[in-house]
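Here is the structure we will look at.
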Amino acid sequence: MADSSVKNERLTIVIFGASGDLTQRKLAPALFHLQSSGALHQMCRFVGVARSELDDESFRAKLAEGMGEMSPPEREAWDDFAGKVSYIRGSSTDDASLKKIDAAVSSFCSDGSADNRIYYLALGPSLYAGTLLALGRCGMLNESGGFRRVVIEKPFGADLKSAQALNETVHSVLNESQVFRIDHYLGKETVQNLLVFRFANTIFEPLWNRNYVDHVQVSVLESLDTEGRAGYYDGAGVLRDMMQSHLLQLLSLVAMEPPATSGANALRNEKAKVLQSVRKYDIDQAAANSVRGQYAGYRGEEGVAPSSGTATFGAIRLHIDNWRWQGVPFYLRSGKALSAKTSEIAVQFRPPPHTIFDTHGRDVTPNLLQISIQPHEGVHLTFENKKPGTRMGTAPEILEYHFPPQLIRDSYERLLLDAVEGDQSLFTRSDEIEMSWQIIDPFVESWHNSLKSQLYSYEKGSSGPGAADEFLGAPRVWHHHEVK
Ligand code: BG6
């Protein structure tokens, strides 16, 4: 019996590219948690498709391996979930394989129940277009027997031109309402909290503009290197891998106007308006508004070209040409092999216009709001406070809130459930994707030209190239909340 609180219907989720890392590390655990917590209809089925020589049993065992140690009750719930999982060996672009999959999925609904389906493309991006066309050709996107939705992983395109071409293919076989372009950052609790923080409180909104904000930083820093993914990463680099997707999505949520409702269209309209207002640079402007770096030893990694100019670190400065943000720079920074893994948005407020206190030569610390995406998910507000004592000295103090760690779920859980329930709010629309590439393309081009943009080396485990500090320029400093 389905839980009466479950809002979704019976459906089959078909994962193409199911033998890969994403399915084992993220998708299967997320689906298992959703299923075992009663968030999904009891009759949901999960089908993995890949070319690897696996059968139902070995596929289930591979997924179980990705779960690590399970307690006895968890193991029991897993067995129940695994019973709903099957594997079909085949190719996502081959009609014969698709027909086999189609027949198998249809057979789950032989009792006359609706044949709802989600196809998850956990594939190499070069297979997206071919897979979509093949699904269309084989009639597998026809919604007469139930809904058909497609989840597409990032990267969506490698530049504006290829993203436009992919969108054209998508729209030749699907309506936009069937398309769920995933950016897993939007599934993070703290990223959604940005909306609540901004639009369910009144005290910050009056300050959230050019009159009070000096600049905004969006940092997504990683301590890991390319982790054996250098083959993909060397062609992508930090601009395509992180900036075009995760960082621009964060920027659009910080900078957008209040949407009319929390519905998908209202939200995505406002995000798109921000991206549309970001000043478009030519190649020289892009070079002047960025710094790139590569960690020492990167070129020696397997899959990396010995003379690779791929940036593993980048900092860029954007301007949003609208009434709210005119003159307020937005700095986006991301890199691999750095000293810590931390994602954070820092809103740096302007200093007081005049100081009346004796600060012993020290400038009064301007207010700083840090929204910590991960780890130590929460919010920190730095404010100036009286130093206890007989004199009128001041010192910065921090007000902070942290989410209880055990309540933070993996972002894929939220996003998969949204796709099942047909809620597109946390998925990127075709125009957002294209506008993001339009912003990023000039940086990619300028970074290809070493005469325009120097590639700085940095040590693994450091905070990135020193040139990034000069780029920000004193008195501005990069913020990164220190966990005590
Ligand atoms: C992915 C990138 O989209 O995001 C990876 O391809 C990166 O290179 C990852 O490591 C970071 O995600 P998270 O959730 O660990 O910050």
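Treating each Cα of the chain as an identical point scatterer and ignoring solvent, apply the Debye formula and state log10 I(q)/I(0) at q = 0.09, 0.12, 0.13, 0.14 Å⁻¹. The Cα Debye sum returns log10 ratios of -0.67, -1.14, -1.31, -1.46. By accessible area, using a 1.4 Å probe on protein heavy atoms only, the chain has 52% of its surface on carbon and sulfur. Under the criterion of Cα pairs below 8 Å and six or more residues apart, the relative contact order for the chain equals 17 percent. The GluC sites (Glu not before Pro) of region 265-331 meeting both criteria, a DSSP state outside H, G, I, E and B (loop) and at most 12 other C-beta atoms within 10 angstrom of the site's C-beta, are Glu302. To make sure I understand the rule: partners must be lysines, Cα under 19 Å from the Cα of Lys188, and not fewer than 8 residues away in the same chain. Which ones qualify? Within the straight-line limit of under 19 Å, Lys188 reaches these lysines: Lys26, Lys154, Lys271, Lys341.
With helices as the sole contributors, the chain gives -9500 deg cm²/dmol at 222 nm; each DSSP H run of n ≥ 4 counts as -39500 (n - 2.57), and the sum is divided by every residue.
How big, in percent, is the set of alpha carbon pairs in region 1-90 lying more than 21 Å apart? Every Cα pair in region 1-90 considered, those over 21 Å come to 27 percent. Across region 158-165, coupling constants 3J(HN,Hα) worked out from phi with the 6.51/-1.76/1.60 Karplus curve, θ = phi - 60°, read 10, 6, 4, 4, 6, 5, 5, 5 Hz, and Gly and Pro carry x. Remark: region 361-438 carries 48 Å² of accessible area per residue (probe radius 1.4 Å; ligands, DNA and RNA excluded).
Taking all protein chains as shown and a probe of 1.4 angstrom, Met67 keeps an accessible surface of around 30 Å². Summarising the amide proton neighbourhood of Ile15: residues at separation of 5 or more, or on other chains, whose placed amide H is nearer than 5 Å comprise Val47, Gly48, Val49, Tyr120.
In the chain, the longest principal axis of the Cα atoms and the axis of helix 189-199 are about 60 degrees apart. An ellipsoid equivalent to region 353-484, defined through the eigenvalues of its Cα gyration tensor, has semi-axes of 37, 28, 15 Å when rounded to whole angstrom and sorted largest first.
For the chain, the longest principal axis of the Cα atoms and the long axis of helix 72-82 meet at an angle of about 60 degrees. For the chain, the longest principal axis of the Cα atoms and the long axis of helix 56-67 meet at an angle of about 20 degrees. Radius of gyration (Cα atoms) of region 161-311, expressed as a multiple of 2.2 N^0.38 Å: 1.25. Computed over the alpha carbons of region 266-363, Rg followed by Dmax gives 19.1, 59 Å. Going Cα to Cα from Lys387, which aspartates and glutamates come in below 12 Å? Please leave out same-chain ones fewer than 8 positions away. The reachable aspartates and glutamates, counting only those whose Cα sits under 12 Å from Lys387, are Asp358, Glu397. Report, in whole Å, the centroid distance computed from the Cα atoms of region 407-444 and region 147-218. Cα centres, region 407-444 to region 147-218: 5 Å.
The values are calculated or read from the model by the stated rules, or taken from the named source; none is laboratory data. Because the structure is a prediction, the values reported are computed rather than measured. A quick note on method: Cβ atoms are made from the backbone with ideal geometry, for glycine too, and the neighbour counts reach across all protein chains shown. Accessible surface is based on the protein model in full, side chains and every heavy atom, while ligands, DNA and RNA are left aside. Shrake-Rupley method; radii C 1.70, N 1.55, O 1.52, S 1.80 Å.
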